[in-house]
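Trainee: Just dropping this structure here.
The values are calculated or read from the model by the stated rules, or taken from the named source; none is laboratory data. Worth saying up front: this structure is predicted, and the values here are computed from it rather than measured. Heads up, the Cβs are rebuilt from the backbone with ideal geometry, glycines too, and the neighbour counts pull from every protein chain shown. When the accessible area is computed, the model is the full protein with side chains, heavy atoms only, and any ligands, DNA or RNA have been set aside. Shrake-Rupley method; radii C 1.70, N 1.55, O 1.52, S 1.80 Å.
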Amino acid sequence: MADLWWIYSKPVPADGRELWALFLQCSCITAVIGGLFYNWMFASLEYSWHLSVAMAISFSLLLLLTLFLVHPARCVFSMIMPTLGTKQGRKLLFSTCIMIAVVNITPNIISNIKTILQVIQCICKNSSDSLLNSTALLEKVSWEFGDAVQEATRSIYKPMNGHFRFSLLQNSSLIYQKMHLAGEKISREFLSVEVLVKDSVLVANRLAAGFFMLYLCFESSWYLKNYLTNLHFDNFYITKKLERLAVDRRAAHLLVSSSKKLIRPTGLKLSREEVVLCLVQAMLVTVALVLMLVVVAMDHFAFSVADTAVRKAAQFSAVPVTLSIKYKAEIGIMPFLFKVFWRPSEALLLRDFNRTYHHHLIFSSARCRISPPTPPNPSVLLVVGLLFCILYGTVFLQTYARRLCRGIAASFFQSCEEKRALHLYRKLTRRHRK
C-alpha cells in the first residue's frame, strides 16, 4: 500500500511499471466513483436512467484522463474524500435528507390527509342520503294522517283533501353530483399541490447538490493553493520533518516548550478553537434534526388521525329517529247559537290518531371508496437516522479530516512540506529567543 501510494502521489512515474500501476489505480478509482455518481443521480436526484448512465460514463472518462495526466488534480481529488467529513460533506448529507423527506414522507402525509377527506365525504354523502330518504317517511305520515282524518269525519264535515307532497327527492341526484364535484376538486387541488411541492424541491435539491459538489472541489483546490503559497496557512503541527529538523539542530526542547500551542497531526488532541467549532456545528445539526423530527411527527400524526377516522367511520351505527304523532280533535256544532241561548255547546269528537314511525340515519356505508391509511415507512426513518448519525460523526471528525488533507498535500508536495517545516522551526526559534 505504501508503494502504491508513493506511485500515486509522485509527479511523474519513474518507469513503465509505475506508469501501468498508476493507470490501474486511476481506472479502479474512476470505476468506483462512476458507479457512485450514477447511483447518486438516478436514486437520489431522480434523473432518468439513460441520462444518469451517459453522465456517469462521461464523468468517469474525464476523471480518468484528469487523474492520470494531472498531478495536482490527483492531490485535489484525494483531498475531496476527507473534505466530505467537513461542513461541505454535511451540506450534501442535508440535501439528501431533504430529498428523502420530500420524496417519501411528504407524499405519505398528503395521502393520509386525502383518506381523512374521503371519510368526511363518505359521511356527508351517506348522511345527506339518509336525510333525503326521511322525506319519504314524512310523506307517508302525511298521507296516513290525512286518510285518518277523512275516515273519522262525517260526510257533511269532511274536510278537503290536503295531503302534503314532497318534491325534495327529485333533487337528490343534483346534490350527489355537487358533492362529487366538490370531492373531485379537492382531490385535484391536493394532487397539484403535491406535484408542485415535489417538483420545486426536486429542482432546488438538484441545484443545491450541483453547487455543493462544485464548492467541494473549489474548497479542496483552495486548500491546496494556500498550502503551496502561504507558509503560515494551517502550519501548527508537530510533524516528523519538524521533529527531525529539531533533532538535527539540537533544539528538541523547542517542541517541548511549545507543546501547548502545537499539536500532532496524528494525535487525538483538539485545540480550544477546534472544540468550540465542533460544539457550534453540533448545535446546527441538532436544529436540523429537530426540524426533521417535526416532519416525521407530522407523518405519524396524519397516519394516526387517518387510521382513527377510518376505524371510527366503520363503527358508526345507524342513529334511530322516532316520529310520534298524537292527534285528538273535536268539531263544535254551531257554537254561536248555543252561546245565545246560554246552553253548553255540543262537540263532535273524532277518534284519536296515535302512531309512531321509525327511521334510521346512516352515516357510513361499505360502498364508500376510502383508500386505506398509509403507515410511515420504517426504512425511511432508518435511513434518515443513519444519515444524522453520520452528520454528528462528521462534526467531531472534521478536525481530523482537515489534518488528513494536510497529510495528503504533504505527501504530494514534499519539497513544500520541507519549506513549511523550516518556516515553523524558525518561528519557534525566534519566539524562544524573545
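Trainee: Using every alpha carbon pair in the range 1-121, what percent of pairs falls into each 5 Å bin from 0 up to the bin containing the largest distance?
Mentor: Once binned at 5 Å, the Cα pair distances of the range 1-121 give 2, 10, 13, 15, 15, 12, 9, 7, 5, 3, 3, 2, 2, 1, 1, 0.
Trainee: If we restrict to alpha carbons, what Rg and Dmax does the range 1-69 come to, in Å?
Mentor: Here Rg and the maximum Cα pair distance are 14.6, 45 Å.
Trainee: For the full complex of protein chains and a 1.4 angstrom probe, list CYS368, CYS75 by accessible area with the highest value first.
Mentor: CYS368, CYS75
Trainee: Show HIS359, HIS232 ordered by accessible area, largest first, where the area counts protein heavy atoms only and the probe is 1.4 Å.
Mentor: HIS232, HIS359
Trainee: At a Förster distance of 56 Å, what's the computed FRET efficiency of CYS124 paired with VAL287, Cβ-Cβ distance as r, to 0.05?
Mentor: On the way: r = 42 Å, r/R0 = 0.75.
That pair, CYS124 with VAL287, gives E of 0.85.
Trainee: Follow-up question, since we're still on this one. Ranked by accessible surface with a 1.4 Å probe, highest first, in what order do ASP15, ASP129, ASP3 come?
Mentor: ASP3, ASP15, ASP129
Trainee: For a 30 Å ceiling on Cα separation, which of these pairs sit above it: LYS178/LYS312; LYS114/LYS140; LYS91/LYS427; LYS91/LYS198?
Mentor: Over 30 Å apart, Cα to Cα: LYS114/LYS140; LYS91/LYS427.
Trainee: List every residue whose amide H lies under 5 Å from the amide H of LEU361, counting only residues 5 or more places away in sequence or on a different chain, with H placed 1.01 Å from N in the peptide plane.
Mentor: It is VAL319, VAL321, by chain and number.
Trainee: Between GLU189 and LEU382, what is the label-to-label distance in nm when each label sits 7 Å out along the Cα-to-Cβ direction?
Mentor: Each label point is offset 7 Å from its Cα along the Cβ direction, giving 3.9 nm.
Trainee: How much accessible surface does SER128 have with a 1.4 Å probe, in Å² rounded to 10?
Mentor: 30 Å²
Trainee: Still on this model: Give the accessible area for VAL141 in Å² (nearest 10); use a 1.4 Å probe, count only protein heavy atoms, and leave out ligands, DNA and RNA.
Mentor: 10 Å²
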